[in-house]
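Step one of this worksheet: look at the structure below.
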Amino acid sequence: APGPATEHFTLNFTVTNLMFTRDLEAPNSAKFRSAERIMRHYIEPLLQRSSIGPYFSGCKVTGFRSGRHRDDTGVDAICSYQDSASLARFDREQVYQELSTMTEGATKLGHYSLDQNSLYVNG
């Protein structure tokens, strides 16, 4: 019998103290790879502690984008989890609330500051 299906959801937020530069747009640049590794370092433990934690597989940062202000950088990621009968359903609102709480009202991600109105979880 096949195992549980892999499902995906998007995660978006804006870091207000990471200056956007053009090399963040190039997925094969050293700066992109470094920033992706750092973002995953902060995002993945939070999701592992969330309600989908037992089913969580990982995240891949798909892009960085220029924010509204000079020091703002938008972060786009696709995260995965194993869909399972024991996971009733992916509840994006619950995951959003958990991430919001774990990031101090969507304002802190490690030593990064977040635009508190930018956190978005889409199942």
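The values are calculated or read from the model by the stated rules, or taken from the named source; none is laboratory data. For clarity, every value in this text was computed on a predicted model and none was experimentally measured. Cβ sites come from the backbone with ideal geometry, for glycine too, and all protein chains shown count toward neighbours. Please note that ligands, DNA and RNA were not included when accessible areas were found on the heavy atoms of the full protein model with its side chains. Shrake-Rupley method; radii C 1.70, N 1.55, O 1.52, S 1.80 Å.
Selection within region 66-123: residues that are in a helix (DSSP H, G or I) and out of contact with any helix residue (DSSP H, G or I) (no Cβ under 9 Å at 6 or more places or on another chain). The member of this set that is most open to solvent (accessible area, probe 1.4 Å) is 93.
Within region 54-107, the set of residues being among the charged types (D, E, K, R) and either without any contact (Cβ under 8 Å) to a residue 60 or more places away in the chain or under 19 Å from residue 17 (Cα atoms) (or both) comprises 60, 65, 68, 70, 71, 72, 76, 89, 91, 93, 98, 104.
Looking only at region 17-36, which residues are outside any helix (DSSP H, G or I), aliphatic (A, V, I, L, M) and more than 17 Å from the chain's Cα centre (by Cα)?
Filtering region 17-36 down to residues outside any helix (DSSP H, G or I) leaves 17-21, 26-29.
So of that shortlist, the ones also aliphatic (A, V, I, L, M) come out as 18-19, 26.
Passing the criteria: 19, 26.
Here residue 46 clears all of (1) free of Cβ contacts under 8 Å to residues at least 40 places away in the same chain; (2) assigned to a helix (DSSP H, G or I); (3) touching a helix residue (DSSP H, G or I) at 6+ places or on another chain (Cβ under 8 Å) except the condition numbered (1). Taken over region 14-36, residues that are among the hydroxyl-bearing types (Ser, Thr, Tyr) and closer than 16 Å to residue 114 by Cα amount to 2.
Selection over region 37-65 of residues that are within 12 Å of the chain's Cα centre (by Cα), closer than 13 Å to residue 98 by Cα and open to solvent by less than 10 Å² (accessible area, probe 1.4 Å) gives a count of 2. Taking region 8-36 as the range and being over 17 Å from residue 100 (Cβ atoms), touching a Ser or Thr at 6+ places or on another chain (Cβ under 7 Å) and open to solvent by less than 40 Å² (accessible area, probe 1.4 Å) as the test, the residues that pass are 18, 20, 24.
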